[in-house]
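Here it is: the structure, laid out below.
The values are calculated or read from the model by the stated rules, or taken from the named source; none is laboratory data. Only a predicted model underlies this, so the values are computations on that prediction, with no experimental measurement involved. All Cβ positions, even for glycine, are placed from backbone atoms using ideal geometry, and neighbour counts span all protein chains on display. Ligands, DNA and RNA are stripped out before the accessible areas are found, and what is left, the full protein with its side chains, is counted by its heavy atoms. Shrake-Rupley method; radii C 1.70, N 1.55, O 1.52, S 1.80 Å.
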Amino acid sequence: RTFTTPEKFFRRAESNPLFDYDQKLQGRANSLAELRNFLGDANASVAVLTGRGGIGKSKLIRQWVAEVSGWTALFKKETVPVSATTEQELNGDHYILIADDAHRQSDIDSLLQLVSDLKRDGKVIKVLLSCRPIGLQRLDAALSRSFDPTAVVRVRKLKRLSEADVRALAEEVLGPEHVQLAPYLVSVSRDTPLVTVIGGRLLRRDVAPTRDLPSAE
């Protein structure tokens, strides 16, 4: 199958001892609102979400999909290309198709063309593409071949979280027994929430010599 469910897509992180998506979403209220507006805009067919690696694109998407109702969300598998049988997986209506890290998928042109054809046939279907800035040019070229620019929504590029938001995330990951380490975790990970989560897990497991942190540059 070309697509998988959100549950199966995010299950890949469940067995990872250092990372998952279970933390509270911090500092992305405006981005969530943009995605909600995209879903409610009858003229918008595709949304593009950009941000560098580890900035929280997948976490944001997971939160958004969890609150969506009345739509079937499906994630495009990176390892399975769009084929002649892909359309058979979309035999219902009101679909959201998500290509996370779309810059790594070679068949985005085929996906967008399929969606364009299905919409022309009357199916209610939308696409969310997330990518790193380095892949945006290729996605833009693919979009220009299948959709009018007026049908494409550009979600504001995800930027670094505020220090208060990073601290809240650090404290949640560290837990009350290690909360005193939050300032150090914030100082080394404030650019990348992914590092905040992994760093917090490492500190909780005492992988790092926490007693030396106050003097360790």
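Taking semi-axes √(5λ) of the Cα gyration tensor in Å as the quantity of interest, determine which of (1) 37, 17, 15; (2) 34, 18, 16; (3) 42, 24, 18 was computed from the displayed structure.
(1)
Another one. List the residues whose amide H sits under 5 Å from the amide H of ALA73, counting only those 5 or more places along or on another chain, with H placed 1.01 Å from N in the peptide plane.
Those qualifying (amide H under 5 Å, at least 5 residues apart or on another chain) are ILE96.
Among GLU89, GLU171, GLU34, which one moves the most in a GNM of the chain with springs linking Cα atoms closer than 10 Å?
Checking each option, the largest mean-square fluctuation is seen for GLU89.
Another question about this same structure. With θ set to phi - 60°, apply the Karplus curve 6.51 cos²θ - 1.76 cosθ + 1.60 along the stretch 24-39 and write out the HN-Hα couplings as whole Hz, x wherever there is a Gly or Pro.
5, 5, 10, x, 10, 4, 5, 5, 4, 4, 5, 5, 4, 5, 4, 5
I would also like to ask the following. Find, among the trypsin sites (Lys or Arg not before Pro) in the stretch 53-158, those assigned to loop by DSSP (not H, G, I, E, B) with at most 16 other beta-carbon atoms within 10 angstrom. Don't skip to the answer; put the middle values down first.
Numbers: sites: LYS57, LYS59, ARG62, LYS76, LYS77, ARG104, LYS119, ARG120, LYS123, LYS126, ARG138, ARG145, ARG154, ARG156, LYS157; in loops: LYS77, LYS123, ARG156, LYS157.
Filter output for the stretch 53-158: LYS77, LYS123, ARG156, LYS157.
Suppose the chain between ASP206 and VAL80 were pulled fully straight at 0.36 nm per residue; how much longer would it get relative to their current alpha carbon spacing? Walk me through the numbers on the way to the answer.
Working: separation 126, 0.36 × 126 = 45.36 nm, distance 3.95 nm.
Net length gain for the segment: 41.4 nm.
Now for a different question. Report relative contact order for the stretch 159-204 in percent, whole number only (criteria: Cα-Cα under 8 Å, sequence separation at least 6). Can you show the working numbers first?
Working: 45 pairs, mean separation 21.0, N = 46.
In percent, rounded to a whole number, it is 46.
With the contact rule set at Cα under 8 Å and sequence spacing of 6 or more, what percent relative contact order holds for the stretch 72-116?
Reported as a whole number, the value is 52 percent.
Further, regarding this structure: Relative contact order for the chain: what is it in percent, counting Cα pairs under 8 Å that are at least 6 residues apart? Don't skip to the answer; put the middle values down first.
Details: 307 pairs, mean separation 60.4, N = 217.
So the answer I get is 28 percent.
Spelling out what I want: for every residue of the stretch 122-130, take phi, set θ = phi - 60°, compute 6.51 cos²θ - 1.76 cosθ + 1.60 (Karplus), and round to whole Hz; glycine and proline get x.
So the J values, rounded to whole Hz, are x, 6, 8, 8, 10, 10, 10, 10, 10.
Could you order PHE19, PHE38 by accessible surface area, starting with the largest, using a probe radius of 1.4 Å? Present the calculation step by step, with values, prior to reporting the outcome.
Details: PHE19 35, PHE38 5 Å².
In descending accessible area the options line up as PHE19, PHE38.
Moving to a separate point now. What is the set of long-range amide H partners of ASP107 at a cut-off below 5 Å, with H atoms built 1.01 Å from backbone N?
Result for ASP107 returns nothing.
Work out from phi, with θ = phi - 60° and the Karplus expression 6.51 cos²θ - 1.76 cosθ + 1.60, the ³J(HN,Hα) of each residue of the stretch 89-97, listed in order in whole Hz, and give x for Gly and Pro.
Residue by residue, the stretch 89-97 yields 6, 10, 8, x, 8, 6, 9, 10, 9 Hz.
Let me ask something else. Need one number: nm distance between label points at GLN180 and ASP117, each 7 Å from Cα along Cα→Cβ, rounded to one decimal.
The two pseudo-label positions are separated by 6.4 nm.
OK, next. Any chance you could give the angle, 0 to 90 degrees and rounded to 10, that helix 193-204 forms with the longest Cα principal axis of the chain?
40 degrees
A further question on this structure: Would you give the gap between the C-alpha center of the stretch 187-208 and the C-alpha center of the stretch 86-132, rounded to a whole Å?
Cα centroid to Cα centroid, the span is 35 Å.
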